[in-house]
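These notes are about the structure you will find just below.
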Amino acid sequence: MKRVYLDNAATTRVDPQVFEAMKPYFLEKYGVASSEFGHTPGMEAKDTLEDSRVVIAKRLSAQPEEIVFTSGGTESNNLAIKGVAYALKNKGNRIITSGIEHHSIINTCRALEKKGFEVIYLDVDREGFVNLEQLKDMINNKTILVSIQQANQEVGTIQELNKVGDICKRKEVIFHTDAAQSFTKVPLSVKNINVDLISITAHKIHGPKGIGALYIKKGTKIEKMMEGGFNEFNLRAGTENIPGAVGFAKAVEIASKEQIEYVRKLRDKLIKGILPKVSDCQLNGSPEKRLPDNVNISFHFAEGESILLHLDMKGIAVTTGSACFSRSLEPSHVLMAMGFTHELAHGSVRYSLSKFNTEEEIDYTIEATAEVVESLRKISPLGKKEG
């Protein structure tokens, strides 16, 4: 059976160049970076770790010492939010985020609410853009942190980070952004945007799982969340993941504008293929300001879970915002926050592409989607198009 993987927003295939770069650090150069004062293998491991840090920092126009390696985007988000909250708890207790953030942001904030912190969840419009006027109004003298993602994990909407950053700078509030979905795909430079903390991860960009990083601007007050040794500038205890850091750096190094443009063309081909071919469907998120690899479509009169399962039987891997594919048994919190009905949220399908997809795969997906939706609508209890 032909297999088409279109769930790259969840995770990506490791690039062969990344895999080759990592291999020696499993089999030959397996020293521990925190042993650099004891022997040559330790010193080599330390040098390798720092070389990787330099590559990642350069992509953000940051300094190497501002990059702290973590186990991934979730840990980076936890460290950013909890770290600032606990470091500044004597100054204030208000945290501001949006209602469409990743669960690692939302659930971290909910956990802090139980500890006495006040969290404001900003409204978003129909395309997923944060209400900037509301942000201005909600910042008071007890506000210690604003956390707004660069791009959304479900609908791909890219926020206006420069405007958010400017507001935070004027109000003298720490600004964090979750860039797990957007890093290397959308321009992000700490020289151009006022931002204090940035969460990034490797496995969304053809790097390995289990490695991420948090950019921490010099001077930002933050507490470590994991006790142990003095690793990562005494901000993240634990033995360093050298193979992971090498793989992350390699993935960043080979990420190119050409690849992004190729993926963007595939994205546009998919959108232009499905929307005219399948009646009663709509593109979710911003038509223009969206990730180059994201297509999210709601199909009326069809369940997202059924579309997903039938596409899977045709060898196509996608995901859905339907409640049956959520452990909370609730429809997509992103689409609901954007003002969608339960029907549209249940009928949403996310296609997320990568540089390894082909035009032939997109053609196949367009035809398969049309066939599946048409067949499901014939038996749908949700109602049928009149006429």
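Data for the structure
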| item | result |
| --- | --- |
| Helical contribution to [θ] at 222 nm, DSSP H n ≥ 4, -39,500 (n - 2.57), averaged over the chain, rounded to 500 | -12000 deg cm²/dmol |
| Using θ = phi - 60° and Karplus 6.51 cos²θ - 1.76 cosθ + 1.60, couplings along the stretch 194-203 (whole Hz; Gly, Pro as x) | 6, 9, 9, 9, 9, 9, 9, 8, 8, 6 |
| Backbone N within the stretch 55-89 under 19 Å of label point (7 Å from residue 223 Cα along the Cβ vector) | 75-89 |
| Gyration tensor (alpha-carbon) shape descriptor, the stretch 138-234, a/c threshold 1.5 | oblate |
| Separation between Cα centres of the stretch 109-156 and the stretch 1-18, rounded to whole Å | 32 Å |
| Cα centre as origin, Lys/Arg/Asp/Glu Cβ charges: the chain dipole, Debye | 620 debye |
| Pairs beyond 32 Å (Cα-Cα), from 46/136; 46/289; 265/314 | 46/136; 46/289 |
| For residue 290, distant residues with modelled amide H under 5 Å away | 158 |
| Pairwise FRET efficiency - residue 13 versus residue 162, Cβ, R0 = 41 Å, nearest 0.05 | 0.80 |
| Relative packing of peptides 72-83, 18-29, 3-14 - highest average C-beta neighbours within 10 Å first | 72-83, 3-14, 18-29 |
| Gap separating the Cα centres of the stretch 45-59 and the stretch 246-307, nearest whole Å | 31 Å |
| Relative contact order (percent, whole number), the stretch 56-202, Cα cutoff 8 Å, 6+ residue spacing | 26 percent |
| Cα-projected label distance for residue 20 with residue 356, points at 7 Å along beta-carbon direction, nm | 1.6 nm |
| Cα gyration tensor shape of the stretch 226-298, rounded if a/c is under 1.5, else prolate or oblate by comparing a/b with b/c | prolate |
| Listed residues 144, 34, 335: farthest to the positive end of the dipole of the chain (Cβ charges) | 144 |
| Packing-based order for 193-202, 234-243, using average beta carbon neighbours within 10 Å, highest first | 193-202, 234-243 |
| Dipole-positive endmost among 78, 297, 353 within the chain (Cβ charges, Cα centre) | 78 |
| Positive-pole candidate from 216, 9, 238, dipole of the chain, charges at beta carbon | 216 |
| Scaled radius of gyration (Cα, divided by 2.2 N^0.38 Å) that the stretch 108-182 gives | 1.10 |
| Shape of the stretch 1-128, Cα gyration tensor, a/c cut at 1.5 | oblate |
| Estimated FRET transfer efficiency when R0 is 51 angstrom, pair residue 123-residue 28 (beta carbons, to 0.05) | 0.45 |
| HN-Hα J in Hz across the stretch 350-356 - Karplus 6.51, -1.76, 1.60, θ = phi - 60°, x for Gly and Pro | 9, 10, 10, 9, 9, 5, 8 |
| Label-point separation, residue 209 to residue 58 (7 Å along Cα→Cβ), nm | 3.0 nm |
| Contact order relative to length of the chain, as percent, for alpha carbon pairs under 8 angstrom and 6 or more apart | 22 percent |
| Value of Rg to Rh for the chain (Rh from inverse mean 1/r over Cα pairs, i.e. Kirkwood) | 0.99 |
| Listed residues 351, 86, 262 arranged by accessible area, highest first, probe 1.4 Å | 262, 86, 351 |
| Residues whose placed amide H lies under 5 Å from that of residue 316, excluding near-sequence neighbours | 4 |
| Total charge dipole magnitude, the stretch 101-224, about the Cα centre, Cβ charges on Lys, Arg, Asp, Glu only, Debye to nearest 20 | 580 debye |
| Assigned charges on the beta-carbon of Lys, Arg, Asp, Glu; the stretch 228-381 dipole about Cα centre (debye) | 260 debye |
| In sequence order, calculated HN-Hα J values of the stretch 206-221 (Karplus, 6.51, -1.76, 1.60; Hz; x Gly/Pro) | 6, x, x, 7, x, 9, x, 7, 10, 7, 10, 4, 3, x, 6, 7 |
| Length-normalised contact order for the stretch 242-307 - Cα pairs under 8 Å, 6+ apart - percent | 28 percent |
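The values are calculated or read from the model by the stated rules, or taken from the named source; none is laboratory data. These figures come from a predicted structure and were not determined experimentally. Note that we place each Cβ from the backbone using ideal geometry, even for glycine, and neighbour counts take in every protein chain shown. Just the protein is used for accessible areas: all its heavy atoms, side chains included, with ligands, DNA and RNA removed. Shrake-Rupley method; radii C 1.70, N 1.55, O 1.52, S 1.80 Å.
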